[in-house]
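Down below is the structure, laid out as structure tokens.
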Amino acid sequence: MDWRSHVLIGAVLGLGVFVLLGEDVFALVMLTAFSGLSALAPDLDHDSSKGRQWLDVAFVGLAFMTVYGSACGAGICLPAIRNIGSMVVTFLAMAGVYFLFFRFLKPRHRGITHTFAACFAFAVLLYFMTGKMLALAGLVGYASHLIADNELKLL
Ligand SMILES: [Zn+2]
């Protein structure tokens, strides 16, 4: 199943759940979009998946903001030349960890990421990072992917 179908199924299921819960329009749009995005998470175990491509781009942006933020704090600055070296080293270190994770620790395709245990772990992680509504949206999106793939394993 291609990524568009996964996003669509995740979003439709999310929309249904949050309409039933009586969310307002703004929350519906946000939560539905998040359910759709979460439906891509299980395929992060696949190098050419859309979720991986987007995560790669998001990672570069996040790494840049982290490096820039650690050099400049919250303010806007032009880092001095002497800071450039440490910024490059920090960026390369982050990129290295990211690369090594996906190169050596990435689970096999349709392995652990395609289980309900991973789905619940994803939701619990979201719960502690963002709260219960996004956790529920993530749970619905992730679970929709497993159901659409017909991968109904607990572990
Ligand atoms: Zn899949």
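Miscellaneous remarks
- Residue list for the stretch 110-131, given a label point 7 angstrom along the Cα-to-Cβ vector of Asp47 and an amide N cut-off under 20 Å: 110-114
- Ala143 sits among other residues whose Cβ lies under 12 Å from its own Cβ, and their net charge, with Lys and Arg +1 and Asp and Glu -1, is -2.
- Sparsely packed trypsin sites (Lys or Arg not before Pro) within the stretch 84-153, loop by DSSP, other Cβ within 10 Å at most 14: Arg108
- Cys with no candidate disulfide partner in the chain (beta-carbon separation under 4.7 Å rule): Cys119
- Three-way shape call for the stretch 100-154 based on the alpha-carbon gyration tensor, with the a/c threshold at 1.5: oblate
- Here the stretch 3-148 is assigned +1 on the Cβ of each Lys and Arg and -1 on the Cβ of each Asp and Glu. Its dipole about the Cα centre then comes out at about 360 debye.
- Label-to-label distance, Trp3 versus Phe91, with points set 7 angstrom from Cα along the beta-carbon direction: 2.4 nm.
- Surface/4 estimate of mean projected area, convex hull on alpha-carbon atoms of the stretch 3-148, nm²: 10.3
- Estimated [θ] at 222 nm from DSSP helical runs (n ≥ 4, -39500 (n - 2.57)) normalised by residues in the chain, nearest 500: -23500 deg cm²/dmol
Read-outs: derived from the displayed coordinates by stated rules, not from any lab. As the structure is a computational prediction, the values presented were derived from the model and not from experiment. Positions of Cβ are generated from backbone atoms using ideal geometry, with glycine treated the same way; all protein chains shown enter the neighbour counts.
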